[in-house]
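Below: the structure, in structure tokens.
What follows draws every value from the coordinates through simple rules; no lab data is involved. As the structure is a computational prediction, the values presented were derived from the model and not from experiment. Virtual Cβ from ideal backbone geometry, glycine too; neighbours counted across all protein chains shown.
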Ligand code: ADP
Ligand code: NI
């Protein structure tokens, strides 16, 4: 039966179903990517979109689904096929479904190392919202949580941060969690696309710098001398 709901109510119903779908899929994944990440990114996206005024349905749906086919958490092809079926089940128009998929394919930091693409307004909002959750106090917590999960050292003063030229190199490195600040977290501020994203990123960036300063002073370390080259 064709739905008689207004377009807006139909979209709200679809968003609720998407939220439930994501909650089910994320039931058992590593904590750095749990539902609380999705919830924080969702809030960030709403805040950013107040100014950007991108299509709010696309933004909200894409935020909810942005990690659903992440190859670190799921088998990508399986997750994509499942999502495709789910979109049909909730009667999401094919064009809209493709737009959502297009947004989520361009969110990841790893993907952006290899690609240089022009982003839509929706992609900018979702990407900034996700990146904000990787920096500041929450970002620091997530980095050490991830490092713990992977058995990484907190810091290894003998092995300084590196510059990764490809997604594979970035993913396969086994460096310390403090290295990750230089290899990713401190780079994000300059990669923000929206005005609100930039403002929020600056505060969180400054907080990470003072955190690192305090960390080094507690262990009497002068900092990494090779850092000049890392941009
Ligand atoms: P993206 O999908 O944008 O490439 P990830 O999924 O790799 O990002 O990262 C998820 C979370 O785990 C982020 O908070 C990120 O900073 C953290 N993380 C990723 N790689 C590392 C690492 N090598 N050391 C510490 N934290 C990491
Ligand atoms: Ni994410």
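Among 40, 204, 13, the largest mean-square fluctuation in a Gaussian network model of the chain, built with springs joining Cα atoms closer than 10 Å, belongs to 13.
Each peptide in 187-199, 128-140 receives the mean, over its residues, of other Cβ atoms within 10 Å, and ordering these scores from highest gives 128-140, 187-199.
In segment 1-66, the inverse of the mean reciprocal separation of distinct Cα atoms equals 13.0 Å; this is its Kirkwood hydrodynamic radius.
To the nearest whole percent, what portion of all C-alpha pairs in segment 134-231 is separated by more than 20 angstrom? Result: 38 percent of Cα pairs exceed 20 Å.
Averaging Cα coordinates gives a centre for segment 165-231 and one for segment 11-79; these two points are 25 Å apart. One quarter of the convex hull surface built on the alpha carbon atoms of segment 39-84 amounts to 3.6 nm², the projected area averaged over directions. Largest GNM mean-square fluctuation across 217, 36, 176, computed for the chain with C-alpha springs under 10 Å, falls on 217. Translational diffusion of the chain, estimated by Stokes-Einstein from the Kirkwood radius over alpha carbon pairs at 20 °C in a medium of 1.002 mPa s, is 114 µm² per second. The Rg/Rh ratio for segment 82-170, using Cα coordinates for both the radius of gyration and the Kirkwood hydrodynamic radius, is 1.08.
From helices alone, the chain scores -19500 deg cm²/dmol at 222 nm; the rule is -39500 (n - 2.57) for each run of n ≥ 4 DSSP H residues, then divide by the residue total. Is the shape of segment 183-222 best called rounded, prolate or oblate, per the rule: a/c under 1.5 gives rounded, else a/b larger than b/c gives prolate, else oblate, with a ≥ b ≥ c the square roots of the Cα gyration tensor eigenvalues? The shape class here is prolate. A Gaussian network model of the chain, with springs between Cα atoms under 10 Å, assigns the largest mean-square fluctuation among 200, 16, 83 to 16. With semi-axes defined as the square roots of five times the eigenvalues of the C-alpha gyration tensor, the equivalent ellipsoid of segment 24-139 measures 20, 18, 14 Å, largest first.
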